[in-house]
Amino acid sequence: MKVLFIAYRFAPESSTGSIRSNKFAKYLAQSGVDVTVLTVANPPAGSIDAQTLADVGEQVKIHRSRRLEPQQIEQFCAPLLRGKLAGLRWRLRRLLDYIWYPDVSAFWVLTAFFRGWRLCRKQQFDVIYSSYAPAGAHLVALGLKKITKTPWIADYRDLWAHEWEYQPRSALHGKLDKYIERKFVKAADRSLFVSAQCMNSMTQAYPEYAAKFGIIFNGYDESDRPTNTIESQHTITFVHLGTLYSSRTIQHFIDALDHIIQQRPELKSVLVIEQVGVDNLNNLDARQVKLVNMGWQSRQVALQRLANASVCLLPFHSAEGGSDSLPLKMYEYLAFGHQILAAGKPGCQAEQILTQFPGCYFIADNDQQLLIDTMQACIEQCLQNPRPEYQRSGAGLQRFSRQSLAADLLAHMRSVSGKA
């Protein structure tokens, strides 16, 4: 089977958005699928990690086309817009934000479409696969699907116009977003989502296409796990991986630990919180507990910090829809075997999955006293063993392995293409 894999975010970019596509390509190729990837030629310099490309493997053929994002234009124009012209910079930013549609991938859509068309003319693909976000990959896939009639699988790492925090840039953008999203859903032979809640949201929006919807969770890759730990055994480390923003914060965890230290000052020297990832809030307030804000790190470093964790922190937003998307880190937390402390809206799918496994706790994020009590129980466990590990092997966890998830994707590909 030959597959054209279209992904704006792909190795060597090491953002969380690239990992799902990287792993699918890796394990599909190892299963004998002929995988050709179409992606960006010039990923952001600050997010490049060569190890991610080595992990994908040489079996995957990669073709690239150039991107041009508004931020790059702003940086180019910055030396020209100085002095009396400095006030024009914000006007340029607003103009680019308005016309660069549908998102940062707008220019790449053009270069990638023509590159993809040439690839399709040279060889007959059995399936086209594309990954959202951003929307550019789906736009390229939609165009190639119309021309070549090749079956198309549209994968949604996140939702677009029906995402719970969706805020269009303008009324016009809102109408365009929903119009194009409907085109995606109608044209795709299969639309895949990362959770039941995401699929249900799209089913409510597009019930006439619900028969083409499916779920492939995020997951973990056992080969990513570091073989050694380097952290001192004299600290109890609470670790959060990933970006922080207005709807995802670890402040309530920090407040709970501050309260515990006030009651038990002897713990101040052993308790540490590590934020491994970009902090867009820049207002985390730790009065008692030691907070180490590490910023962006390579995937290798991030996984090393996770391997050294005593307790993994997993914040969700309590608003309706705030726990819809089940993040990659949840499955990596499970695979690493550490205690997991999650906070969000009770009854969500994240709670249903986590509470199947030992050492996992899900607390309503508005119940601060229960959060404090649960954290104290985790600390008591860690005082006996700074890094307790729980055995979570078996079918319950194995279904989230990257090999199993790639096999699920291959089954969808066979279904839409009619090829074994």
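The values are calculated or read from the model by the stated rules, or taken from the named source; none is laboratory data. Please read these numbers as outputs of a predicted model, since none were measured by experiment. Note that each Cβ is placed from the backbone with ideal geometry, even for glycine, and that neighbours are counted across all protein chains shown. Keep in mind that these areas ignore ligands, DNA and RNA; they rest on the heavy atoms of the full protein, side chains included. Shrake-Rupley method; radii C 1.70, N 1.55, O 1.52, S 1.80 Å.
Odds and ends about this structure:
- Spatially proximal aspartates and glutamates relative to Lys122 (Cα-Cα < 17 Å; intrachain offsets below 8 disregarded): Asp34
- Computed over Cα pairs, the Kirkwood radius of the range 318-420 leads via Stokes-Einstein (0.890 mPa s, 25 °C) to a diffusion coefficient of 157 µm² per second.
- Beta bridges by DSSP in the chain, antiparallel share as percent, to the nearest 5: 5
- Accessible surface of the range 314-420, 1.4 Å probe, proportion on carbon and sulfur as whole %: 47
- Scattering profile of the range 1-81 at q = 0.13, 0.24 Å⁻¹ [log10 I(q)/I(0), Debye over alpha-carbon scatterers]: -0.43, -1.11
- Partners for Lys345 among lysines (Cα-Cα distance below 21 Å; same-chain residues under 8 apart left out): Lys329
- Computed with the Debye formula from one identical point scatterer per Cα of the range 37-136, without solvent, the log10 of I(q)/I(0) at q = 0.15, 0.21, 0.22 Å⁻¹ comes to -0.77, -1.17, -1.23.
- Expressed in Å, the radius of gyration and Dmax of the Cα atoms of the range 62-207 are 17.6, 57.
- Cβ-based net charge around Ile250, under 13 Å, with every Lys or Arg adding one and every Asp or Glu removing one: -4
- Segment His173..Ala411, full-extension length gain: 82.1 nm, with 0.36 nm per residue of separation and the alpha-carbon distance subtracted.
- Over 18 Å (Cα to Cα) - which of Lys26/Lys145; Lys2/Lys419; Lys186/Lys419; Lys268/Lys290; Lys145/Lys183 fall in this group: Lys26/Lys145; Lys186/Lys419
- Rounded to the nearest 20 debye, the dipole size of the range 1-118 about its Cα centre is 420 debye, using +1 on the Cβ of Lys and Arg and -1 on the Cβ of Asp and Glu.
- Both radii were evaluated on the Cα set of the range 375-420; the Rg over Rh quotient, with Rh as the Kirkwood radius, amounts to 1.39.
- Approximating the spin labels as points 7 Å out from Cα along Cα→Cβ, the Gln369-to-Leu383 distance works out to 2.2 nm.
- Cα gyration tensor category, rounded, prolate or oblate, for the range 267-387 with a/c compared to 1.5: rounded
- Extension gain, Ala210 to Lys186: 0.36 nm times the residue separation minus the Cα-Cα distance gives 7.6 nm.
- Value of [θ]222 nm, deg cm²/dmol, for the chain, DSSP H segments ≥ 4, -39500 (n - 2.57) each, nearest 500: -12500 deg cm²/dmol
- Arg89 sits among other residues whose Cβ lies under 11 Å from its own Cβ, and their net charge, with Lys and Arg +1 and Asp and Glu -1, is +3.
- What the chain shows is 44 Å² of accessible area per residue, with the surface traced by a 1.4 Å probe over protein heavy atoms.
- Rh by Kirkwood over Cα pairs, then Stokes-Einstein D for the range 144-234 at 0.692 mPa s and 37 °C, µm²/s: 210
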